[in-house]
Amino acid sequence: ISWQYDFAVSDPSNNLPFQLVISASGSIYLINTDGGGNGNLSVISNSGQLEWKWPQSGTYTLNRKSVPAILADKTVYLGAVNSVYAVSSKSADKWNICTASPDCNGLKAGPITIDSKGNAYFSDENQDFQAVKSDGSLKWKIRLATAYGTNVFIFTGQTPVIDADA
């Protein structure tokens, strides 16, 4: 073992971490939640030190099925209850988009896939499959239950697979 990061010692409010992603620089991005379900995106350096955490203040309920998706400029896309967020490398929000427009009623976004232009693709608990442009505006949304039959698509937390023409 080269190093370990103990969330309970480093920040006692943290509970177990969920799915993690390693960036090209070797930093580890992961979502972890406290006992009340409030979430953090934690970034651990390749030497085992906490680089930064989002949110620095405020409360967000990050979805346990969400997996951080990292762009080359270190922007991180992640799903929370109600929204998908783009967070810059120093933990500032770039944008967020409600996943259940117009009422933003608590639907969770699943794992996010990013194309070469920075567009994000994800499904949500409302049986919608969505594409969001790199500026945070909606590119398109399709209701899979209506288009392909009732209860055909069930939100499973699976990462979308896209081709170059997405």
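Computed with every protein chain present, the accessible area of residue 129 is close to 50 Å² [probe 1.4 Å].
Ordering of 73-81, 20-28 by packing is 73-81, 20-28, highest average first (other Cβ atoms within 10 Å, averaged per residue).
Applying 0.36 nm per residue to the separation of residue 93 and residue 158 and subtracting their alpha-carbon distance, the gain on full extension is 20.9 nm.
What accessible area, in Å² to the nearest ten, does a 1.4 Å probe give for residue 159? Roughly 80 Å² of residue 159 is accessible to a 1.4 Å probe.
The values are calculated or read from the model by the stated rules, or taken from the named source; none is laboratory data. As the structure is a prediction and not an experimental result, all values here were calculated from the model. All Cβ positions, even for glycine, are placed from backbone atoms using ideal geometry, and neighbour counts span all protein chains on display. Heads up: the accessible areas ignore ligands, DNA and RNA and are worked out on the full protein's heavy atoms, side chains in. Shrake-Rupley method; radii C 1.70, N 1.55, O 1.52, S 1.80 Å.
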